[in-house]
Amino acid sequence: MVTETKVIPVTRSSMPPFDEYVDTIRQLWDTRWLTNAGTMHEDLTSKLKSYLNVGNFLLFANGHLALELAIQALELKGEVITTPFTFASTTQAIVRRGLTPVFCDIDPIRFTIDPDKAEALITEKTSAIVAVHVYGIPCDTSAIEEIAKRRNLKVIYDAAHMFGAVWQGKNIAQYGDLSMFSFHATKVFHTIEGGGLAFSDNSLYEKLRHARDFGLCPGGFDADEIGTNAKLSEFHAAMGLCNLEHIDEEIKKRKAVSETYDKRLRGVYGLQLFPEIEGLTRNYSYYPVVFHEEFGKTRDEIADELLRRGIRVRKYFYPLTSAFSCYQNRLTPKETPIAANIAGRALCLPLFADMTEENVNTVCDELLNLKGFD
Ligand SMILES: Cc1ncc(COP(=O)(O)O)c(C=O)c1O
């Protein structure tokens, strides 16, 4: 048995210095304005809008509700083309909004939707492409947006993994009709729970703001949208304000951890690492590895052994969302052989800002020992 002190977690939330958070929330004991677009909420909204360099930005209680409301605001109907190689949220949001997810296979290097295959899935019922920037790897945005424009489809990016990344000279938030971010506690930037939508179309702004607050319009009597409660509290916004002060440092520390992994794992036969992508300034959100046949051990064998040794790796994403039991007898997913293959081989190694070099080396030592050499 591994003692808890020896455990290496797969992730560990970054937190600002305690006093910074306490100083920020102190004013709430005077104002007693704890939620409903308080001053910290508004301050964080405007800071994130500048950071992401977008025309419009709204905060939400979490990324999932932001995604559901994005689908609602764009008035999507029928089918949407999406990836099964994602976290539950992407597909659940589509289905919960009454749409049919049409699963598209992925690119074996980027793990994101393969645009050529996406185009072949378009029917007269298709209203949008909901693509995911997996692990901090951008989708082929030019190809996706070219298809969408030509076929008159909307594009939503699930950018839950992507905060802080710059792609082809623009912040990643500037792509598509809408980009959704998750500010969950495990993310590169977080508000404990939280999420955001970035978009350029001003006409969506009031719709989304109302839908986030029970659909109520100003005055609070009438509701002009079918809304929910997706408001972010002042305590969450305060955490965001503090964390945003440290975002560059956060990404720098994660980069150092990733580079230590790279030094040990680059060139290992049978191991596929994060791809080199020209034009990407990374956010180092995850350290995925894919175990190919040549490695000599399967992903499941490696994962079981590492877990036994107290190294908390994660089969992310497994299974494909298209295989979820809640969709049995509801959906007839198309075959996505590349996604199925990657889902059976991918593993996220532990990565967080204050992970020590010693811990990274322990993970690499154990992993390489399991292969049979060091
Ligand atoms: C790809 C992806 N989409 C959506 C979400 C949902 O975000 P949240 O947890 O903020 O609701 C997550 C969360 O981890 C995610 O990884």
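The values are calculated or read from the model by the stated rules, or taken from the named source; none is laboratory data. Predicted, not measured: the structure shown is a model, and the values here were computed from it. No Cβ is skipped: glycine too gets one built from the backbone with ideal geometry, and neighbour counts run over all protein chains shown. Please note that ligands, DNA and RNA were not included when accessible areas were found on the heavy atoms of the full protein model with its side chains. Shrake-Rupley method; radii C 1.70, N 1.55, O 1.52, S 1.80 Å.
The set of residues from the range 179-221 being within 16 Å of the ligand (Cβ to nearest atom) and charged (D, E, K, R) comprises Lys187, Glu193, Arg212. Scanning the range 180-236 for residues that are part of a strand (DSSP E or B) and modelled with pLDDT under 95 turns up nothing. Going by the conditions given, is Glu293 over 17 Å from the mean Cα position of the chain (by Cα), at pLDDT 95 or above, under 27 Å from His190 (Cα atoms) and of a type in the set (Asp, Glu)? Taking the combined requirement at face value, the residue does not satisfy it. Scanning the range 327-374 for residues that are hydroxyl-bearing (Ser, Thr, Tyr) and within 25 Å of Ala93 (Cβ to Cβ) returns Tyr327, Thr332, Thr336.
When the range 318-374 is examined, which residues are found to be closer than 30 Å to Pro115 by Cα and among the polar types (S, T, N, Q)? Thr321, Ser322, Ser325, Gln328, Asn329, Thr332, Thr336, Asn341 - these are the residues of the range 318-374 that are closer than 30 Å to Pro115 by Cα and among the polar types (S, T, N, Q). Once the range 147-179 is narrowed to residues that are in contact (Cβ under 8 Å) with a residue 12 or more places away in the chain and in a helix (DSSP H, G or I), the residue that is nearest to Asp114 (Cα to Cα) is Ile147. Can you find even one residue in the range 10-25 that is open to solvent by less than 10 Å² (accessible area, probe 1.4 Å), within 22 Å of Ile247 (Cβ to Cβ) and within 12 Å of the ligand (Cβ to nearest atom)? Within the range 10-25, none of the residues are open to solvent by less than 10 Å² (accessible area, probe 1.4 Å), within 22 Å of Ile247 (Cβ to Cβ) and within 12 Å of the ligand (Cβ to nearest atom).
So which pairs qualify, if the first residue must be in the range 199-221 and in contact (Cβ under 8 Å) with a residue 40 or more places away in the chain and open to solvent by 60 Å² or more (accessible area, probe 1.4 Å), the second must be assigned to a strand (DSSP E or B) and of a type in the set (A, V, I, L, M, F, W, C), the Cβ gap must be under 7 Å, and the two must be at least 6 apart or on different chains? Pairs that qualify, where the first residue is in contact (Cβ under 8 Å) with a residue 40 or more places away in the chain and open to solvent by 60 Å² or more (accessible area, probe 1.4 Å) and the partner is assigned to a strand (DSSP E or B) and of a type in the set (A, V, I, L, M, F, W, C), are Arg209/Leu58.
Taken over the range 34-51, the residue count meeting the criterion of being assigned to a helix (DSSP H, G or I) and more than 16 Å from the ligand (Cβ to nearest atom) is 11.
Residues that are assigned to a loop (DSSP other than H, G, I, E, B), at positive phi and buried (at least 16 other Cβ atoms within 10 Å of the Cβ) do occur in the range 268-284, at least one of them.
Taking Ile25 as the residue in question, decide whether it is out of contact with any Ser or Thr (no Cβ under 8 Å at 6 or more places or on another chain) and not hydroxyl-bearing (Ser, Thr, Tyr). First the steps, then the outcome.
Details: out of contact with any Ser or Thr (no Cβ under 8 Å at 6 or more places or on another chain): yes; not hydroxyl-bearing (Ser, Thr, Tyr): yes.
So Ile25 fits the description; yes.
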